[in-house]
Amino acid sequence: MNRLMLDYDVLYIVLVVAGLVFFGAIFLSTRPAQRAKPARVEAWMGREVAWFAIVVVILIGGVAATIRNTPWSASAASGRQLVTVTGVQYGFKFSTTTMHVDRQVEFHLKAADVNHGFAVFDPDGTFVAQAQMVPGYDTVLRLTFSKPGTYTVRCFEYCGIGHASMVAEFRVVGA
């Protein structure tokens, strides 16, 4: 696990604990007599609808702000490098294992036997992208690597007894 993933995990745990403390404080601050009264649903409906609308707006805003950064929305660049990768139990066969920084790489992913996952991790171990490799189907994944180094590919789809050892590497070099 890299440092960034650890930071996000700690942030998540802190937010969950803070939420539980906040909920507990609100719950315990109400008088027992108030908690014993039957709830008036009609009084809460306006707030429920408002909170629902706020959550929907936040989610739509988050999707709108990040959708352009997804790797599957990349259109084909004219100077792209074509790389064919075939997944077989229990390894990956690359047509080439050297890619170039700031040049789009178009991976054509095929599976020779069973379903495989093609997950790319950068030299720091950070997840970059993932695509499925399905027998009889050519999956296209376009990526542009911004830093040189040795990238790792792991199978993200259980494909049999040797699945855990299905790891490959390729190098990204400067232009």
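Each of VAL49, ALA129, THR66 was placed along the dipole of the stretch 34-173 (beta-carbon charges, centred on the mean Cα), and the one lying farthest toward the positive end is VAL49. FRET efficiency for the pair ARG31 and ALA65, taken as 1/(1 + (r/R0)^6) with r the Cβ-Cβ distance and R0 = 41 Å, rounds to 0.45.
Once C-alpha pairs closer than 8 Å and six or more residues apart are averaged by separation and normalised to the residue number of the chain, the relative contact order reads 20 percent. Amide hydrogen proximity for MET99: with H placed 1.01 Å from N in the peptide plane, the residues at 5 or more positions away or on another chain lying under 5 Å are ARG171, VAL172, VAL173. Here the chain is assigned +1 on the Cβ of each Lys and Arg and -1 on the Cβ of each Asp and Glu. Its dipole about the Cα centre then comes out at about 480 debye. The angle between the Cα long axis of helix 3-29 and the longest principal axis of the Cα atoms of the chain comes to about 10 degrees, rounded to the nearest 10. In straight-distance terms, cross-link reach from LYS93 covers every one of the lysines whose alpha-carbon lies under 20 Å from its own, apart from those fewer than eight places away in the same chain; here that gives LYS110.
Classify the stretch 1-57 from the C-alpha gyration tensor, please: rounded if a/c falls under 1.5, else prolate or oblate depending on whether a/b exceeds b/c. Oblate. Of all segments of the chain bounded by chymotrypsin sites (Phe, Trp or Tyr not before Pro) found in a DSSP loop with no more than 14 other C-beta atoms within 10 Å, the longest spans 1-136. Rounded to whole numbers, the Karplus 3J(HN,Hα) couplings from phi for the stretch 156-163 are 9, 10, 4, 10, x, 5, x, 4 Hz, using 6.51 cos²θ - 1.76 cosθ + 1.60 with θ = phi - 60°, and x at Gly and Pro. Note on the chain: helix-only mean residue ellipticity at 222 nm, from DSSP H runs of 4+ residues weighted -39500 (n - 2.57) and normalised by residue number, equals -11500 deg cm²/dmol. Of LYS110, LYS37, LYS147, the sequence from fewest to most neighbouring Cβ atoms within 10 angstrom is LYS37, LYS147, LYS110.
Rounded, prolate or oblate for the stretch 101-175? Axes are the square roots of the Cα gyration tensor eigenvalues, ordered a ≥ b ≥ c, and the cut-off for rounded is a/c under 1.5. Verdict is oblate for the stretch 101-175.
Across the stretch 102-110, coupling constants 3J(HN,Hα) worked out from phi with the 6.51/-1.76/1.60 Karplus curve, θ = phi - 60°, read 6, 10, 4, 10, 10, 7, 9, 9, 9 Hz, and Gly and Pro carry x. Other residues within the sphere of radius under 14 Å centred on the Cβ of GLN104, judged by their own Cβ, net out at +1 (K and R +1, D and E -1). Other residues lying with their Cβ under 13 Å from the Cβ of GLY87 contribute a combined charge of 0, Lys and Arg counting +1, Asp and Glu -1. Here the extension length gained between GLN89 and TYR8 equals 25.8 nm, from 0.36 nm per residue of separation less the Cα-Cα distance. Between the beta carbons of VAL41 and VAL21, assuming R0 = 22 Å, the FRET efficiency works out to 0.20 to the nearest 0.05.
Read-outs throughout are calculated quantities, based only on the coordinates presented, and are distinct from any laboratory measurement. This is a predicted model, so every value here is computed, not measured. Cβ sites come from the backbone with ideal geometry, for glycine too, and all protein chains shown count toward neighbours.
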